[in-house]
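First comes the structure, then the notes that go with it.
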Amino acid sequence: MAALAPPVAAIRVAVRRALTGLPSPGPVLVACSGGADSLALAAATVFVAPRLGRDTVLVSVDHGLQGGSAERAEAVAGWAREAGFTAASVARVEVAGRPGGPEAAAREARYEALVEAARQHGAVAVLTGHTRDDQAETVLLALARGAGPRGLAGMPARRELGGVPLLRPLLEIGRDETRAACAVLGLSPWQDPHNTDPSYARSRVRADLLPALVRALGPGVVDNLARTARLVAADNAALDELAGTALAAARHPDGGLSAPALLALTPAVRGRVLHAWARELGAQPGALSHRHVGALDALVTAWHGQGPADLPGGVRILRRADRLQPVAVG
Ligand SMILES: Nc1ncnc2c1ncn2[C@@H]1O[C@H](COP(=O)(O)OP(=O)(O)OP(=O)(O)O)[C@@H](O)[C@H]1O
C-alpha cells in the first residue's frame with residue numbers, strides 16, 4: 001500500500017484533533033470557498049468525520065460579487081456531494097447595503113449564512129480553512145496598526161459564532177501544505193483574484209511583506225509569527241480573567257465603578273476592565289478604539305474635572321465624585 005502523502009496526513013491529523021474535542025454528537029459543517037485551504041480542509045473532514053461517527057455538511061457561500069461566483073459555488077457543492085458529504089449546498093448572500101468596507105461586509109454576510117446553515121442542519125461546529133500563513137498575516141497587520149495584545153493574539157483556534165463553535169483546525173498547517181494536499185488528491189482549487197489584488201492590505205502582506213521577511217530572516221518567520229499569536233493569546237486569557245475579577249470588585253450598586261478601585265489596578269488590567277465595561281454598556285467592540293478607552297482611563301488617572309467620555313454606540317461616561325457613571329445621551 002502506498003504511504004499517505006505527508007501534507008494529507010498532517011491535515012487529517014489536525015482535523016481529527018479539532019473534532020475529537022467536540023463535546024456533543026452531531027454533524028460538522030465545512031465552510032468551503034473552493035480555494036486550496038478550505039478544499040483541503042473539506043477533503044480531510046469528509047475522510048475523518050465519518051470515522052468518528054459524524055455526518056458532514058458543506059456550504060459554499062456565493063457573495064454575488066464576481067462573475068461566475070454562483071457557478072463556482074455550485075461546482076464546489078457538487079464536488080462535495082460526490083466526495084461523500086452528507087449534505088452540500090450553496091448559500092447566496094446579499095453584501096450590498098451593509099456597513100463597513102466590502103471585505104468586512106462580505107465576511108459578515110458569510111458568517112450569518114454559515115450560522116443559519118449550521119442551525120438548519122443541527123451542526124455542532126463550523127470549520128474554516130484559515131492556515132498558519134493567514135495567522136502570520138493577521139499578526140503582521142495587527143502589529144502594523146498598533147492593535148495591542150488583543151490583535152496580536154490573531155485568530156483563535158476556536159470561538160463562538162452566533163451560538164455555534166467556529167473551529168479553525170488548520171491554524172498550524174502551512175498554505176504550501178494545503179496546496180500540496182490538493183495536488184496529491186487531484187483537486188483543482190479555485191484561485192480567488194482578491195487574494196492577489198494589491199488594493200487589499202492583506203494581499204500586499206501575502207505577496208510582498210511575508211516573502212521579504214522570509215528572505216531577510218529565514219523560513220521560520222511564518223511559524224514564529226503564529227507562535228507569537230499563541231503565546232499572546234495565553235497571556236490575554238490570564239489578563240482577561242484578572243480583569244473580570246477586578247471589574248466585579250470595582251462595581252458600585254448604582255451601576256458605576258469606583259475610581260479609587262480602578263486607580264489601584266495596574267494599567268494593563270485597568271485598560272481591560274474599562275474595555276469590558278464599555279462593551280457591557282453597549283459600545284460596539286469593532287468601533288471601540290484605544291482613544292476611547294484612553295479617555296475613560298483619563299477620568300481615573302488624570303482627573304481634573306474634565307467632561308464626559310463619549311463612546312461608540314451612544315454610551316457616555318462621566319465622573320461624579322469618586323465614581324465613573326454611565327449617563328443617557330441627549
Ligand atoms: N465563499 C465562501 N464560502 C464558504 N466559505 C468561505 C468562503 N470564503 C471563505 N470561506 C471560509 O473562510 C476561510 C477563510 O477565507 P479567506 O478567503 O479569508 O482565506 P483563504 O486563505 O483565501 O481560504 P481558501 O483558500 O479556503 O479560499 C476559508 O478557508 C473558508 O473556510
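Every number here is computed from the coordinates shown, using simple stated rules; none is lab data. Quick caveat: nothing in here was measured; it's all calculated off a predicted structure. For neighbour counting, all protein chains shown are included, and Cβ atoms are generated from backbone atoms with ideal geometry for every residue, glycine included.
So the values come out like this:
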read-out: Cβ-placed point charges (K, R +1; D, E -1), dipole of region 251-327 about Cα centre in debye, nearest 20; value: 40 debye
read-out: Extended-chain gain in nm, criterion 0.36 nm per residue less alpha-carbon gap, ASP322 and SER199; value: 39.4 nm
read-out: Label-point separation, SER24 to GLU82 (7 Å along Cα→Cβ), nm; value: 3.5 nm
read-out: Over 24 Å [Cα-Cα, region 1-105], rounded percent; value: 33 percent
read-out: Contact order normalised by residue count of region 75-207, Cα under 8 Å, 6+ apart, percent; value: 19 percent
read-out: Mean Cα-pair separation over length for the chain, i.e. relative contact order, pairs under 8 Å, 6 or more apart, %; value: 15 percent
read-out: Kirkwood hydrodynamic radius of region 6-219, from inverse mean 1/r over distinct Cα pairs, in Å; value: 17.7 Å
read-out: Inter-label distance, nm, simple model (7 Å from Cα along the C-beta direction), HIS304/LEU231; value: 3.9 nm
read-out: Contour minus Cα-Cα distance for GLU71 and ARG51 (0.36 nm per residue); value: 4.1 nm
read-out: Cα shape, region 251-327, gyration tensor, a/c 1.5 rule; value: rounded
read-out: Ordering of 26-38, 142-154 by packing [mean C-beta count within 10 Å, highest first]; value: 26-38, 142-154
read-out: Gain in span if fully extended, LEU4 to ALA276, counting 0.36 nm per residue against the direct Cα distance; value: 93.2 nm
read-out: Cα gyration tensor shape for region 20-70, rounded if a/c is under 1.5, else prolate or oblate; value: prolate
read-out: Calculated FRET efficiency for the pair ASN224/THR266, C-beta based, R₀ 35 Å, to 0.05; value: 0.80
read-out: Karplus 3J(HN,Hα) series, Hz, for region 250-261 with 6.51 cos²θ - 1.76 cosθ + 1.60 (x for Gly, Pro); value: 8, 5, 10, x, 7, x, x, 10, 6, 5, x, 5
